[in-house]
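The values are calculated or read from the model by the stated rules, or taken from the named source; none is laboratory data. Values in this document were obtained by computation on a predicted structure and should not be read as measured data. As a convention, Cβ positions derive from the backbone with ideal geometry for all residues, glycine included, and neighbour counts pool all protein chains shown.
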Amino acid sequence: MISPYKGKTGLRRVINATGYSLAGLRTAFRQEAAFRSLVMLNLVLVPLAFWLEVSRGERALLVAVCLLSLVVELFNAAIEAVVDRISLDWHELSKNAKDLGSAAQFVAMFIIAAVWGIVLLG
């Protein structure tokens, strides 16, 4: 079954999708403290990756893992929003969903630390 909300095609779809994406980034920045913290971390680490004397491949990896944490946080915030939309009552499955999203971000942060450590320490 085709969703009635998927009616746009071509350039109009790309324009709409871009608008939705930018709205999502604005919402994340305004409403999610963790997302703002990660943006600030990226404002330090990404320029640092370009300042360090590393290979282009290493530099790309340093930047990619930093941006990965933003992607994971967007998914984590989306999961939390959906769970809260369904119900603010405590439920084991709701707790599990939120904990799993948090765990994903924890792993992403570990990946950042590991990759930066490996690149910088050899």
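Assorted remarks:
- Test set (1) without any contact (Cβ under 8 Å) to a residue 24 or more places away in the chain; (2) closer than 25 Å to R36 by Cβ; (3) out of contact with any Lys or Arg (no Cβ under 7 Å at 6 or more places or on another chain) - A104 fails condition number: (1)
- Residue within segment 13-27 that is among the charged types (D, E, K, R), outside any helix (DSSP H, G or I) and more than 12 Å from the chain's Cα centre (by Cα) present: no
- Scanning segment 70-91 for residues that are more than 9 Å from the chain's Cα centre (by Cα) and not aliphatic (A, V, I, L, M) yields E80, D84, R85, S87, D89, W90, H91.
- Which numbered condition S69 fails, given (1) among the hydroxyl-bearing types (S, T, Y); (2) over 18 Å from A114 (Cα atoms); (3) in contact with a helix residue (DSSP H, G or I) (Cβ under 9 Å, 6 or more places away or on another chain): (2)
- Here is the figure for segment 38-59: residues that are surrounded by 12 or more Cβ atoms within 10 Å (Cβ to Cβ) and part of a helix (DSSP H, G or I) total 10.
- Some residue of segment 21-28 being surrounded by fewer than 12 Cβ atoms within 10 Å (Cβ to Cβ), closer than 30 Å to K8 by Cβ, in the same structural domain as K8 (by TED's automatic domain parsing) and not hydrophobic (A, V, I, L, M, F, W, C): yes
- The residue pairs whose first member lies in segment 56-79 and is basic (K, R), whose second member is assigned to a helix (DSSP H, G or I), and whose beta carbons are closer than 7 Å, counting only pairs six or more residues apart or on different chains, are R59/A49; R59/F50.
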